[in-house]
1. Would you point out which residue out of Leu152, Leu142 is more than 9 Å from the ligand (Cβ to nearest atom) and under 20 Å from Arg232 (Cβ atoms)?
2. Filter the range 157-176 for residues that are within 16 Å of the ligand (Cβ to nearest atom) and closer than 15 Å to Val128 by Cα and give the result.
3. Surrounded by 22 or more Cβ atoms within 10 Å (Cβ to Cβ), touching a residue at least 60 places away in the same chain (Cβ under 8 Å) and either closer than 22 Å to His56 by Cβ or under 15 Å from the mean Cα position of the chain (by Cα) (or both): is that true of Val145 in this structure?
4. Going by the conditions given, is Ala123 surrounded by 18 or more Cβ atoms within 10 Å (Cβ to Cβ), of a type outside the set (D, E, K, R) and at pLDDT below 95?
5. Looking at Glu18, Glu10, Glu25 in this structure, which one is of a type in the set (D, E, K, R), in contact with a helix residue (DSSP H, G or I) (Cβ under 7 Å, 6 or more places away or on another chain), at pLDDT below 95 and under 18 Å from Ala202 (Cα atoms)?
6. Name the residues in the range 88-107 that are of a type outside the set (Gly, Ala, Ser), within 11 Å of the ligand (Cβ to nearest atom) and surrounded by fewer than 19 Cβ atoms within 10 Å (Cβ to Cβ), would you?
7. What are the pairs with Cβ atoms under 6 angstrom where one residue, in the range 37-52, is within 11 Å of the ligand (Cβ to nearest atom) and the other, located anywhere, is among the small types (Gly, Ala, Ser)? Sequence gap at least six, or different chains.
8. Only residues that are assigned to a strand (DSSP E or B) and surrounded by fewer than 18 Cβ atoms within 10 Å (Cβ to Cβ): list them for the range 205-230, please.
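The values are calculated or read from the model by the stated rules, or taken from the named source; none is laboratory data. Predicted, not measured: the structure shown is a model, and the values here were computed from it. Counting neighbours? That spans all protein chains shown, and the Cβs are built from the backbone with ideal geometry, glycine included.
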Amino acid sequence: MGTTAEKTAEKTAEKTPENRPWMAEGEEKREMVREMFADVAPSYDLVNSLMCFRLHHRWRRMAVEGLGLRRGERALDVCSGTGDFLKPLREAGAAVVGVDFCAPMLAKAREKMPEAELSLGDACRLPVASGRVDAVTVGWGLRNVPDIGAALREANRVLKPGGRFVTIDMARPRSRFVGRASEFIFHKVAPVIGRVFGKSQAYTYLPKSTLQFLSREQMKQAMEAAGFGEVRWRDVFCGNVCMHWGVKA
Ligand SMILES: C[S@@+](CC[C@H](N)C(=O)[O-])C[C@H]1O[C@@H](n2cnc3c(N)ncnc32)[C@H](O)[C@@H]1O
């Protein structure tokens, strides 16, 4: 915790538009988000695990199980970050490529999996030819892109017909009681954890961007509009996290 002067400076900084990526749109959002993840890359994995007791690994395994991958199939992990989707995809027998637009996040992924195929690229303009992959995964990525529809259409474009898609992201709990408790944790506790690591902006962004993110039903509609069928979802973490699967129609 900082001094009163530091806290005041932090509060003032949060109020200026250039420090509020959750308020930005289009190219401005893209750049602010990229800078924010470059800044948090060194502590991202540790804070992630602190905030959900390492359960995020289990959720990615669940998401991959829902894809029903067969040995030798090709999977693309979009917004790959520090690469935590790569391991469960590989364990399911897939050949995996990770794409992210933030080099410091990908550098962390490379440290964990030196042999991984990783590529710098944007979720809304994937550097992959059409109809090439059997599955696409996105972990906590769509909330950050400036155009969710474009990112979903790109995921659909690179999939083979019948290819499977899954996205996991933050969600708003259905229960009012859980919602209140979560609001306290994510709006009050997460920024404090962020502050301990000197990254209060990023962990203020998490709850703010969650409030602005698509509801479960809106995500289903957005996926259908992008060309996915058989859309289904599953809540975990008391409804604070939700995964949506779909199949390229
Ligand atoms: C919250 S992290 C999630 C990382 C990883 N998928 C995971 O499951 O832990 C979000 C990642 O999305 C990336 N990202 C955000 N917007 C992007 C975009 N438009 N194109 C590519 N990557 C993007 C960020 O650089 C960051 O690494």
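1. Going through Leu152, Leu142 in turn, just one is more than 9 Å from the ligand (Cβ to nearest atom) and under 20 Å from Arg232 (Cβ atoms): Leu152.
2. Arg157, Val158
3. Here the answer is yes, as Val145 does meet what is asked.
4. Spelling it out, it is not the case that Ala123 is surrounded by 18 or more Cβ atoms within 10 Å (Cβ to Cβ), of a type outside the set (D, E, K, R) and at pLDDT below 95.
5. Going through Glu18, Glu10, Glu25 in turn, just one is of a type in the set (D, E, K, R), in contact with a helix residue (DSSP H, G or I) (Cβ under 7 Å, 6 or more places away or on another chain), at pLDDT below 95 and under 18 Å from Ala202 (Cα atoms): Glu10.
6. If the condition is that a residue be of a type outside the set (Gly, Ala, Ser), within 11 Å of the ligand (Cβ to nearest atom) and surrounded by fewer than 19 Cβ atoms within 10 Å (Cβ to Cβ), then Pro104 is the only one that fits.
7. Qualifying pairs under 6 Å: Val40/Ala202.
8. Once the filter is applied, which keeps residues that are assigned to a strand (DSSP E or B) and surrounded by fewer than 18 Cβ atoms within 10 Å (Cβ to Cβ), the range 205-230 yields Gly229, Glu230.
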